[in-house]
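Data block below; observations after.
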Amino acid sequence: MRVADASSKSSAASRHGGLLAFGMDMDAGYPFEIRTSPIQGDGAFATEHIPAGTRVIEYAGQRLTPAEADARYTTNHSCNPNCDAVVDRGRIWIETLRDIEPGEELAYDYAYVLEERHTPDAKRRYPCHCGAPNCRGTILRGRGKPRGGTGKKKTAHR
């Protein structure tokens, strides 16, 4: 497991709505930058090759509801993710599932689970715009789909 080099963190990145929760300084040496995403709003895009298994950022912010997370996150959802949210000793990380090349958007499968049944109406309230060939049309967890992509414990961002 590799952790991306980031020497300092601050709230200076609060100008990047999705990164408020991360409380990170974009000048701290992260291997990605924030720019407009074709998926939704802003996204995190690799600025260098990032090997599989790299923990690119630690989530150190407050717990959010799915609606709050939608409004604030910059790591977008994809039905064909290249990252996963993992928990290790109580710490939450965004970790790469495969090698990521410069220019690729970092994305993970939100796989939201609602208290209510995932009806067609519920799915319409949580649309997906990832454009992946296997897009399921919603950011809700797919039927019969296990939570997470690596077999590691994955947290829901609630």
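Where a number appears in this text, it was derived from the coordinates with a stated rule and is not lab data. Bear in mind the structure is a predicted one, so any value in this text is a computation, not a measurement. Here the Cβ is made from the backbone with ideal geometry for all residues, glycine too, and neighbour counts use every protein chain on show.
What is the local net charge at Arg117, summed over the other residues whose Cβ is closer than 13 Å to its Cβ (Lys, Arg +1; Asp, Glu -1)? Don't skip to the answer; put the middle values down first.
Values: positive: Lys123, Arg125, Arg141, Arg143; negative: Glu115, Glu116, Asp121.
Here the charged neighbours net out to +1.
For Asp121 and Asn80, what is the calculated FRET efficiency with R₀ set at 25 Å and r taken between the beta-carbons, to the nearest 0.05?
Step by step, r from the Cβ atoms, then E = 0.50.
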